[in-house]
Every structure is written in structure tokens, then in C-alpha cells.
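Worksheet: the structure to be examined is printed underneath.
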Ligand SMILES: *Cc1c(COP(=O)(O)O)cnc(C)c1O
């Protein structure tokens, strides 16, 4: 089990390195986030002790359940799932970044809670670039105005954009939803919104890692290629179903 995870991690790093080489990018521009939903704490520990430091969960409960077993490790935690407004306070106990900011009511609730706690929070704006009904995220055409609106919530530090690309067995069908996130970033830069610079793109999963890096990803979120298949009968994107 330990050997498997370490072997898989090396393979993923090789894939990242190769993809960077192919597109002439610097490896240091692409971070690896471990997508650890359903992965038990002891398996996460193996990856952290092998040198990783960034994990993402889709549910507050998973952060909570694994917290005590991982307490002694230095881990950066991002929230990458659909966040219900009534979970904001609990999630903030665990994370330094929320990658799934996708609506005004959530921005407002986060800001309110952050003011109470006298702190800031990094956020990524989740965009639905695959136009699939089942996925969360802002419609691409609304991102610029959304950013303008949430700038008043100044405890939120806008660090980038996140998308879950369209997954398909055909490689080239996956590319447009990744490219679109980069184009949206360009559009945001063109709008010259005060204080909005250096936005990162969080995109790329086990299946589309190489394409995502070719399209400019700065953070790939990898689960299956590191920890193996998840045995889930439920729709993994939709926290509302699983709860
Ligand atoms: C599960 C998940 C991933 C990782 O997907 P894999 O295909 O297992 O690599 C990435 N991002 C999000 C938001 C996820 O829920």
C-alpha cells in the first residue's frame, strides 16, 4: 500500500514534468493538490510523509473526520467541493482556501464569518466551463461581473479560477473546457479590475492532467492516479446527494 502510493506519486510528478516540458512551461508553475475525498487518513499520511503538502476535500465532514489523525503533519488544506452556506463556519476551521466560490450568497456568508474571526481567506472562483448541468460553478459569461461584485467583500482574496473540465474518453473533447478557463482569465485581465492580478488556474484531474497543463493550469487536483479508484455509488460532485 505504501509502495503503491509512493510509486503513483512519482508517476504523477513525471507526468506533470513531461507535460511542462512539452508545452515549454516551468515545473514550478504547476502545483499538485491531492484530491483526498474518500481516502483514509493513513493513506493521506503516506503521501504527505513522501513530500506532498497540499490536500483538497469536497466535504467538511471529511476534513473533520481525518483531522485528529493528521494533526502532527504540516498540511495546507483547500476546500474543492460544493459548499453549503450553513457549513461555512465549520469549513473555515480547517482550510486556508476555498476553490469553489460560485455564488454571491456564499461570498457574503464567508465574508461575514471572516470578519468575526478577523482573518482573510484565499478563494478561487469556480466556473462551469463544460456547460454540464450536473456541475457547479458560475456560467462563464458571469465571471467578470461576479468579481466586480465581490470585491467589496475584502476579506476574500481572489487567487484564481477553478474548473472541473469535461471528462471524455476522447482527448480533444476535453480541451475546450480547459482552454475556456484561460480565456476567462484573459477577459478578467482585459477588464482591468483594481487589485485583480496574477490569477492562478486550478484545473486538471487524473484524466486530463496533460491537457490542463498545456492549456495553462497552475494547479492540478489529482485523486485516482495517486490513491486508486474510489468506490462510490453516488454522484461525487454533488454534496447535496451524499448528505
Ligand atoms: C475528485 C476530484 C478531483 C480529482 O479527480 P480524479 O479523477 O480522482 O483525479 C479533482 N477535483 C475535484 C473538484 C474533485 O472532486
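Considering Cα pairs under 8 angstrom that are at least six residues apart, work out the relative contact order of the chain and quote it in whole percent.
Details: 410 pairs, mean separation 50.0, N = 243.
Once normalised by length, the contact order is 21 percent.
What order do you get for 71-77, 28-34 when each peptide is scored by the mean count of other beta carbon atoms within 10 Å, highest first?
Ranked by mean Cβ neighbours within 10 Å, highest first: 28-34, 71-77.
In this simple spin-label approximation, residue 93 and residue 14 carry label points 7 Å from Cα along the Cα→Cβ vector, and these lie 4.2 nm apart.
Rounded to the nearest 5, what % of the DSSP beta bridges within the chain are antiparallel ones?
Close to 0 percent.
In this label model, residue 4 and residue 167 are separated by 1.8 nm, measuring between points 7 Å along each Cα→Cβ vector. What FRET efficiency comes out for the pair residue 74/residue 193, r = Cβ-Cβ distance, R0 = 22 Å, nearest 0.05? About 0.05, to the nearest 0.05. Spatial offset of segment 183-232 relative to segment 44-59 amounts to 18 Å, using the alpha carbon center of each. Take the alpha carbon gyration tensor of segment 1-136, find the square roots of its eigenvalues, order them as a ≥ b ≥ c, and report rounded if a/c is under 1.5; if not, report prolate when a/b exceeds b/c, else oblate. Oblate is the answer for segment 1-136, as a/c is 1.5 or above yet b/c matches or exceeds a/b.
Between residue 149 and residue 65, full extension at 0.36 nm per residue minus the direct alpha carbon distance yields a gain of 26.8 nm.
With the simple spin-label model, which puts each label point 7 Å out from Cα in the Cβ direction, the residue 183 to residue 50 separation comes to 3.7 nm.
Values in this text are rule-based calculations from the coordinates and carry no lab data. Here the structure is a predicted model, which is why all the values come from computation and not from measurement. Cβ atoms come from the backbone with ideal geometry, glycine included; neighbour counts cover every protein chain shown.
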